[in-house]
1. Is it the case that Tyr20 is hydroxyl-bearing (Ser, Thr, Tyr), within 21 Å of the chain's Cα centre (by Cα) and either part of a loop (DSSP other than H, G, I, E, B) or at pLDDT below 90 (or both)?
2. Here are Asp77, Asp107: which of them is part of a helix (DSSP H, G or I) and either touching a Pro at 6+ places or on another chain (Cβ under 9 Å) or over 30 Å from Met157 (Cβ atoms) (or both)?
3. Return the only residue of Leu57, Leu34 being free of Cβ contacts under 8 Å to residues at least 12 places away in the same chain, more than 13 Å from Leu121 (Cα to Cα) and of a type in the set (A, V, I, L, M, F, W, C).
Amino acid sequence: GVQEQFYWLMLPFMKFKFKYLPFFLVMVTIVSVLVNIGNAYGIFGFSEPVQAFVHTLRFHYMSIGALLGYYLYFKRDQLLGLWIFSKKWLQLVLFTLLVMWYGFNTDSVFIKNTITLPLSLLYGWIIINVGSNPKNVIKIDNKIFDWIGQRTFGVYMMHMFVVYAVSFFFSKTQLFFGYFYLYIFVFYLMVFSITIALAHLSFKYFENPVMDWQKNLKYKFKTRREIKLATQEVRAS
C-alpha cells in the first residue's frame, strides 16, 4: 500500500510539473528520513499503533529509486559514468557493504533509522548496476535466473502469503525454536521453495493461458481488420 500512496504523490508532477520531479523526489527523501528518525524517537507523540504505521511509510526508498530511474532514462551516460558504476573494485566494495548490512546489529535508535538512507541508495545502485550497467561485475545472466525471472509475477504475488503462512506454522508448532540457526535455515528454505513452486504453477496454469488467449485475441482482431480493409479496397476498385 505504501507504493500506491507514493505513486499518487508522484502523479501531479508526472502529468503537469515533470521538470520539477527531481527536486520533488529529493524533498520527499529528506522529509521521509527526518520523519522516520523523529518517529523512532517518539517526538511526535504518536500512539504505539500509529508509530508502527508511520514506520512503514519510508517513502525515501521509493523516491531514491524513482530519482535513479529518472537519471538512468534522461542522463544515462553521466549516471553510468560515475565511479560507483564504472570502477569494478568499487562495485565489489559496495556489494560487500550491502551483504554485511544483513549481519549488522545495533541498539542505537539513531543508527537504525539513519542507516536506511545509505541502504536505500545501495539498493538503487545494485538494481541499476545489475540491470543496466555494461561494466557490472555481479553477473546473474544465466539459465537459473532466467527461469526465475519468467516467474517473477507469481513470486511477487505469492511471497507475502507464504511468509505469513510459514510464520504461522512455526508459531504454532514451535519447531526448531531452540535451535536458532536451524530455524532460520528451514524458515527461509520453506519460504523460497513454496513461493517458487506456487509461482511456477501460476506461470504454467494461469499466466501462460492468459497470455496465449491475449495473443489469439489480438490476432483475431488484426485478421478481421485486415479482411475489412481488403474488402473496402476491392469495393473501391
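1. The answer is no for Tyr20.
2. Answer to the selection: Asp77.
3. Leu34
The values are calculated or read from the model by the stated rules, or taken from the named source; none is laboratory data. A quick note: this is a predicted structure, and the numbers were derived from the prediction, not measured. When we count neighbours, we look across all protein chains shown, and the Cβ atoms used for this are built from the backbone with ideal geometry, even at glycine.
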